[in-house]
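Working notes for the structure below.
The values are calculated or read from the model by the stated rules, or taken from the named source; none is laboratory data. Small disclaimer: the values here were computed from a predicted structure and weren't measured. Neighbour counts are summed over all protein chains in view; Cβ atoms, including those assigned to glycine, are modelled from backbone coordinates with ideal geometry. Calculation scope for accessible area: heavy atoms of the full protein, side chains included, ligands and nucleic acids excluded. Shrake-Rupley method; radii C 1.70, N 1.55, O 1.52, S 1.80 Å.
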Amino acid sequence: VDLTQESQTIHDLYELRDEDIGPFGRQCLLARRFVERGVRFVQIFCGSENTSSKKIRPNWDSHEDIVRDHGYWGRILDTGVHALLSDLKSRGLLESTLVICTSEFGRQPFMQGQQKGRDHNPGAFTAWMAGGGIRGGTSYGSSDESGFKAAENPCYSYDLHATALHLLGLD
């Protein structure tokens, strides 16, 4: 986990010096390094606190203010994932590495009470996959007009699992 061996270009790509992005960027970089060394399953989490900082960060769970919270964490997730996918691709590892980004639930399409947050919504959520045999640019399914529930080609957790297992060569 000694990242001093990485070039300044890689440090910049993952924005390791950024107080907000750096902790997740470090997780993404470590994930790439584990994959490079043959680790077969790596899980990382976006939304954790940086214990080395006293800075109060928005709540990843978004019950209070979804614009603030997702605005903050979205930038971090976007930067780290872009770096990871770009890095894997440049090293020829993306085609043999399945990357899955998902959550355990979506968000209600309406505000929660008097607050600016949104409650959990198991009826509609987004997941995406890249690399590992996934055909890029493919979209499957959609929600109803308000985003409350799946409307077209609904998929369930077991569908996502079956797709991942198939791509990994398991029946």
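The table for this structure:
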| quantity | calculated |
| --- | --- |
| Residues of the stretch 104-119 classified as out of contact with any Ser or Thr (no Cβ under 8 Å at 6 or more places or on another chain) and among the basic types (Lys, Arg), total | 1 |
| Filter result for Glu104 (outside any strand (DSSP E or B) and under 16 Å from Leu160 (Cβ atoms)) | yes |
| Unique residue being part of a helix (DSSP H, G or I), more than 30 Å from Pro109 (Cβ to Cβ), open to solvent by 30 Å² or more (accessible area, probe 1.4 Å) and not small (Gly, Ala, Ser) when the list is Val35, Val1, Val67 | Val35 |
| Complete set of residues in the stretch 4-15 that are open to solvent by 40 Å² or more (accessible area, probe 1.4 Å) and in contact with a helix residue (DSSP H, G or I) (Cβ under 7 Å, 6 or more places away or on another chain) | Leu13, Glu15 |
| Among the candidates Val67, Val1, Val39, residue that is at pLDDT below 95 and over 30 Å from Gln114 (Cα atoms) | Val1 |
| Subset of the stretch 107-118 (residues that are closer than 30 Å to Ala130 by Cβ and assigned to a loop (DSSP other than H, G, I, E, B)) | Gln108, Pro109, Gly117, Arg118 |
| The stretch 93-110 - residue that is among the charged types (D, E, K, R) and open to solvent by 70 Å² or more (accessible area, probe 1.4 Å) and, of those, farthest from the chain's Cα centre (by Cα) | Glu95 |
| Scan of the stretch 123-171 for residues that are over 25 Å from Val81 (Cα atoms) and either of a type in the set (A, V, I, L, M, F, W, C) or under 17 Å from the mean Cα position of the chain (by Cα) (or both), ordered by number | Phe148, Ala150, Ala151, Leu170 |
| Pairs where the first residue, in the stretch 44-61, is in a loop (DSSP other than H, G, I, E, B) and of a type in the set (S, T, N, Q) and the second is at pLDDT below 80 and open to solvent by less than 30 Å² (accessible area, probe 1.4 Å), C-beta under 8 Å, 6+ apart | Asn50/Arg57 |
